[in-house]
Amino acid sequence: MYDQELLERNLHPEFRGELEKVTPIKLVNASCGDELEIFLKTKNGMIVDGRFSGVGCAISQVSADVFIAAVKGKTIEEAKEIRDDFYEMILGAEVSEKVTKAKCMQCVSRMPARVKCAKLAWESLEKIA
Amino acid sequence: MSEVYLDNAATMKKHAGAVKAEARFYQKINANPLRGLYKKSVQATTGVNAARQAVLNLVKADKSYTVIFSRGTTEAINLVANGLIRENDGFGVVSRGDKVVVDIESHHSNILPWKMHYKNVVISDNLEKDLKGAKVIALTGVSNVTGKDFSSRIKKVRNAYPKAILGVDGAQMVGHSEIDVKRLGVDYMAFSGHKFGAPMGIGGLIIKKELAEKLRPLNFGGEMVEAVSLEGEPTFAEIPERLEAGTLPAGAIFGLNAAAQEIDFKRCDQAKKLAKTAAYELRKISSVKVLAANGLIVTFQINGVHPHDTAQILADEGVMVRAGWLCAEPYLRFKGWGPVVRASFSEYSKPSDVIALVKAVKKVQQKMGVK
């Protein structure tokens, strides 16, 4: 049921790493042990760069990778709109234009127990400084 | 794609006779046990009492024990934990400040009911040291993580502490091997029918009558009182009914009786051999770390792959296993394992299930790019 792109990104993530001089946003999914640190560099309300590090299941880690792919170059407000579409997509909605970069996560809609793993990285938008 | 069910420790495949007996109860009888004066109600009552006896026989209990029905192990342990507390209502035998010891191998169901009611609960990884002064000792019968059988430890504790109230979480024990509660010396053993092929929603406490007499009911209401007046105290029914307020799930109880008859310990032993074979074969896979293999359970991890990913890909291959903390987080943390993958067998497991499991695990290895 795992999307081929998801498996591929799990092995070769695009944005795994850290950003200097950026305080990471820490996220934990205590019930399964997923841990993420999301580095978001912002300038004038725009997310200009991002990285992630952490350990956990492929869903949580790949979701972090596509999260950064999707929100990089967007304003925080735009990022939140993308997030809303992403949340709808992983619950079964069609892939909207806004979330095409995260479409490999659509398979989560067939794994209801994994929705919280997929959401973890995206929760950073609520904690952004 | 064939379906391979290896999550029997969560809930066992049902005995055909148990499912049939439950259906037949509703088709042919469908009356409340205990109170009705017509024939069908009498049949329901007789069936409920027969099931009680079947459970007692299953664990070789003598007349000093009875069975209190509950929804399962969790509710049974909650009944004991709450029921033992001495208040001013005439029930209970211990105080909230008394020492309660549970073992580190405990399922959350054998931890939380105690933690919520008592102030001095020790989750012990060193029973020899921690048991001194314990008023209640609540132990694991068979670990749902490792499959290890703790019968000899239970006997040892009984001999060393003859006066403590000694109870066992028997969820993974009852119906999986021949046991003798008298020899174990336990005051109570909690069990779930669905873990040994009976319907969900029925289980209970196999408990010394003497102790059951002192327990506070978890629920008050119908069927558990003799007389209720406008003023003054109610007169409660005798045990076991006093501890079983409300209409019992009689269909499930008929199913439980059938399951208790249908259990085949020889087939169960064969399933344990299958589990051993599975562990042996899994150990040959380079990325697999088998953490425990006892009885009907094999617990493992694949290096570099989160257990939920393993279980998901196994599911895609038609193999159903459990992954995560297995409702035993303190133990998995104590062992330093974190979340795990568990394959659990039953007397209905087949050699082809082992082959499918091993093949699917290799697929996980390949899909996740680990060696």
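One line per residue, one yes/no per condition, for (1) closer than 18 Å to B:Leu205 by Cβ; (2) in contact with a strand residue (DSSP E or B) (Cβ under 8 Å, 6 or more places away or on another chain); (3) among the polar types (S, T, N, Q); (4) not in a helix (DSSP H, G or I):
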| position | (1), (2), (3), (4) |
| --- | --- |
| B:Tyr26 | no, no, no, no |
| B:Ala54 | yes, no, no, no |
| B:Lys63 | yes, no, no, yes |
| B:Ile68 | yes, yes, no, yes |
| B:Ile77 | yes, yes, no, no |
| B:Gly97 | no, yes, no, yes |
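Once region B:251-269 is narrowed to residues that are of a type in the set (Gly, Ala, Ser) and farther than 22 Å from B:Lys209 by Cα, the residue that is surrounded by the fewest Cβ atoms within 10 Å (Cβ to Cβ) is B:Gly251.
Among residues of region B:1-23 being of a type in the set (Ser, Thr, Tyr) and within 21 Å of the chain's Cα centre (by Cα), the one that is nearest to B:Met200 (Cα to Cα) is B:Thr11. Report yes if some residue within region B:270-285 is crowded, with 17+ Cβ neighbours inside 10 Å, within 14 Å of chain A (Cβ to nearest Cβ) and touching a residue at least 24 places away in the same chain (Cβ under 8 Å); otherwise report no. Taking every residue of region B:270-285 in turn, none turns out to be crowded, with 17+ Cβ neighbours inside 10 Å, within 14 Å of chain A (Cβ to nearest Cβ) and touching a residue at least 24 places away in the same chain (Cβ under 8 Å). The residue of region A:61-92 that is farthest from the other protein chains (Cβ to nearest Cβ), among those that are more than 24 Å from A:Asn44 (Cβ to Cβ) and of a type in the set (S, T, N, Q), is A:Ser63. Using the structure shown, decide if B:Thr46 is in a helix (DSSP H, G or I) and either loosely packed, with under 14 Cβ neighbours inside 10 Å or touching a Lys or Arg at 6+ places or on another chain (Cβ under 8 Å) (or both). Yes, satisfied.
For region B:68-79, state whether one or more residues are more than 20 Å from B:Ala245 (Cα to Cα), modelled with pLDDT of 95 or more and not hydroxyl-bearing (Ser, Thr, Tyr). No, that holds for no residue. Of the strands (runs of 3 or more DSSP E) contained entirely in region B:133-235, those carrying at least 2 residues that are within 16 Å of the chain's Cα centre (by Cα) and either buried (at least 19 other Cβ atoms within 10 Å of the Cβ) or assigned by TED's automatic domain parsing to the domain that holds B:Val102 (or both) fall at B:136-140, B:165-169, B:188-192, B:203-208. When residues in region A:30-60 are screened for being facing chain B (nearest Cβ under 10 Å) and of a type outside the set (Ser, Thr, Tyr), 9 of them pass.
Criterion applied to B:Ala356, B:Ala343 was being out of contact with any helix residue (DSSP H, G or I) (no Cβ under 7 Å at 6 or more places or on another chain), crowded, with 16+ Cβ neighbours inside 10 Å, more than 14 Å from every other protein chain (Cβ to nearest Cβ) and over 21 Å from A:Val115 (Cβ atoms), and the one residue passing it is B:Ala356. Scan region A:13-29 for residues that are at pLDDT 95 or above and within 13 Å of chain B (Cβ to nearest Cβ) and the total you get is 1. Scanning region B:106-132 for residues that are in a helix (DSSP H, G or I) and among the hydroxyl-bearing types (Ser, Thr, Tyr) yields one hit, B:Ser109. The number of residues in region B:305-339 being over 20 Å from the mean Cα position of the chain (by Cα), under 16 Å from B:Ser106 (Cα atoms) and away from every other protein chain (no Cβ under 11 Å) comes to 3. Quick one: would you say B:Arg242 is surrounded by fewer than 22 Cβ atoms within 10 Å (Cβ to Cβ), touching a strand residue (DSSP E or B) at 6+ places or on another chain (Cβ under 6 Å) and more than 16 Å from B:Ala54 (Cα to Cα)? Yes. Beta carbons closer than 6 Å, at least 6 apart along the sequence or on distinct chains, pair a first residue in region B:12-35 that is of a type in the set (Asp, Glu) with a second that is in a loop (DSSP other than H, G, I, E, B) for B:Glu22/B:Pro199. Quick check on region A:8-22. Is at least one of its residues of a type in the set (D, E, K, R), in contact with a Leu (Cβ under 6 Å, 6 or more places away or on another chain) and in contact (Cβ under 8 Å) with a residue 40 or more places away in the chain? Looking for residues that are of a type in the set (D, E, K, R), in contact with a Leu (Cβ under 6 Å, 6 or more places away or on another chain) and in contact (Cβ under 8 Å) with a residue 40 or more places away in the chain, one finds none in region A:8-22, hence no.
The values are calculated or read from the model by the stated rules, or taken from the named source; none is laboratory data. Please read these numbers as outputs of a predicted model, since none were measured by experiment. Backbone-built Cβ (ideal geometry, glycine too); neighbour counts: all protein chains shown.
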